[in-house]
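The values are calculated or read from the model by the stated rules, or taken from the named source; none is laboratory data. What you see is a predicted model; the values in this text were computed from it and never measured. Note that each Cβ is placed from the backbone with ideal geometry, even for glycine, and that neighbours are counted across all protein chains shown. Heads up: the accessible areas ignore ligands, DNA and RNA and are worked out on the full protein's heavy atoms, side chains in. Shrake-Rupley method; radii C 1.70, N 1.55, O 1.52, S 1.80 Å.
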Amino acid sequence: MSKWWMRALDSFSEFVDHVNTSLGRESREEWNKRKLQEHYDKLQSLDYLLMSEVLSEVMDFWESGLYHDLVVTYGSRDEILSSRVFKVEELSNNELMVLAKENLLPKSVRTMALKITDVNVFKTMHAFLETIYINYHGPEMTWEDNIHIYFGGCAERLLMGLDKFDEYSRTPRPTKDFFKKLAITQITRKETNEVENNMFLLLLDIESEIFGMGFGDSYNDFSPTMSGFIQLLAGCSAAHNNREFTAPEDIIMAYKTFFKLVKTDITVYRAPQSIVESMPEFTGYLVCDKCGVSHGLGPEDSADDFEDVCDCGGLLVYKESI
Ligand SMILES: [Zn+2]
C-alpha cells in the first residue's frame with residue numbers, strides 16, 4: 001500500500017536532504033516540510049493503540065480537501081450564519097449550556113496554564129459544529145439552521161458518546177455528575193502533552209502546506225479553536241474513564257471522534273419542532289401602511305432603530321405579527 005502522501009513525505013525528505021547538502025541551508029517551505037515529517041515520525045514512533053489509525057485519518061483529512069474546506073468555511077461562517085443571535089433566556093432553555101455554565105471554571109491564567117477544561121474550551125465546540133454544519137448544508141443558511149446547531153443534540157451526542165456519537169437512537173442527556181468530572185480534567189502529564197503538542201504541530205504544518213506559509217490572518221484562530229475542541233473531547237474521554245489527568249489515549253480518542261465528526265452530515269440532527277417554534281426569527285415587524293412591505297425584527301432589534309418612513313413614502317408601523 002502506497003498512498004500518495006506517503007510517497008509525498010518520502011520525496012519531501014529527499015528534497016530537503018538534497019537542498020541541505022547542496023546549499024547547506026533550507027527555505028521556510030523546506031523547513032515546514034521537514035517539521036511535518038518530524039512530527040509525523042514522532043507520533044508514529046509512540047506506541048499507543050489507534051495512533052496509526054488516527055495518523056491515517058490526518059492524512060485523509062488533508063488529501064480529501066476537507067481540511068482546506070473546513071478552514072475556509074470556518075473563516076466565513078460569521079457572514080453565512082443568520083444575523084439573529086440567541087437571547088440569554090433562549091440559551092437558558094438549553095440544558096447543556098446551563099450545565100457548562102454552572103460547573104466549568106471560567107477562563108483564567110490558572111485554567112490556561114494547567115489546560116483545565118474551562119468554559120472557554122467548551123465554547124470552541126459550537127464554533128466547530130457551525131463550521132461542519134455549514135460545510136454539509138451549503139451557504140444558504142436560515143435562522144432555523146442555527147436552532148438545529150444549538151438544539152439538535154449533536155453536542156450532547158459528542159460529549160456523551162465521543163466516537164460513537166452517531167449510534168444513539170435519541171439524544172443522550174448529560175448529567176451534573178458528568179460535568180463535575182469534566183470540570184477538573186486537565187492536560188498536565190508530560191506524555192499527554194507530547195501527543196497533544198505533536199498532533200497540533202503536525203496539523204499546523206499541514207495547514208501551512210495547504211495555504212502556504214503565513215497565509216491570511218483571517219483564519220489564524222482555526223488551529224487554536226480546533227485545539228480547544230480536541231481538549232474538550234479529550235476531557236470528556238478522561239471524565240468517562242474517571243481520570244482527572246487527561247491521558248494520551250484520551251487525546252487520540254478526541255482526534256478519532258473529530259475525524260469521524262467532520263465526515264458526518266450533522267444536518268440530520270434536528271431540534272424538536274416545539275423548540276423551533278418557541279424561538280421565531282422575528283418577534284415583530286415594521287409594516288408600511290401604503291405599499292404593505294414588511295421588515296422582520298429580531299428580539300434584539302428595536303423599532304426605534306429603524307427609519308419610520310418607507311421608500312414609497314408610506315409610514316412604517318410596528319406590528320407584533322402579520
Ligand atoms: Zn411602502
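Just the protein heavy atoms count here, and of the accessible area of the chain at 1.4 Å, carbon and sulfur take up 50 percent. In the structure shown, the pairs Lys180/Lys256; Lys87/Lys256; Lys35/Lys123; Lys35/Lys164 are assessed against 26 Å; a Cα-Cα span above that value is assigned to Lys87/Lys256; Lys35/Lys123; Lys35/Lys164.
Farthest towards the positive end of the charge dipole of the range 98-200, among the residues Val195, Leu129, Gly152, is the Cα of Val195, using unit charges on the Cβ of Lys, Arg, Asp and Glu. If you line up the long axis of helix 248-261 against the longest principal axis of the chain, both from Cα atoms, how many degrees apart are they, to the nearest 10? That helix lies at roughly 50 degrees to the long axis. A Gaussian network model of the chain, with springs between Cα atoms under 10 Å, assigns the largest mean-square fluctuation among Ser223, Ser83, Ser302 to Ser302. Going by alpha carbons, how many degrees (0 to 90, nearest 10) lie between the helix axis of 222-240 and the longest principal axis of the chain? Between the helix axis and the principal axis of the chain, the angle is about 80 degrees.
The range 183-204 and the range 38-57 have their alpha-carbon centroids 14 Å apart. Summed over the residues of the chain and divided among them, the accessible surface reaches 51 Å² per residue at a probe radius of 1.4 Å. Estimated from helices alone, the mean residue ellipticity of the chain at 222 nm is -18500 deg cm²/dmol (sum of -39500 (n - 2.57) over DSSP H runs with n ≥ 4, per residue).
Of all the options Trp143, Trp31, Trp62, the one that moves most in a Gaussian network model of the chain with Cα springs shorter than 10 angstrom is Trp31. Here is the list for the range 266-322: GluC sites (Glu not before Pro) lying in DSSP coil, each with at most 11 other C-beta atoms within 10 angstrom of its C-beta, are Glu307, Glu320.
Which residue, chosen from Gln37, Gly235, Ser64, occupies the Cα position most advanced towards the positive end of the dipole of the chain, where the dipole is computed from +1 (Lys, Arg) and -1 (Asp, Glu) charges on Cβ about the Cα centre? Of the options given, the answer is Gly235. Could you work out how far helix 119-137 tilts from the main Cα principal axis of the chain, as a 0 to 90 degree angle to the nearest 10? It works out to around 80 degrees.
Which length gain, in nm to one decimal place, applies between Tyr318 and Arg28 when the Cα-Cα distance is subtracted from 0.36 nm times their residue separation?
Values: separation 290, 0.36 × 290 = 104.40 nm, distance 5.99 nm.
That works out to 98.4 nm of additional length.
Taking the average, over residues, of other Cβ atoms within 10 Å as the packing measure, peptides 176-186, 103-113 rank 176-186, 103-113 from highest down.
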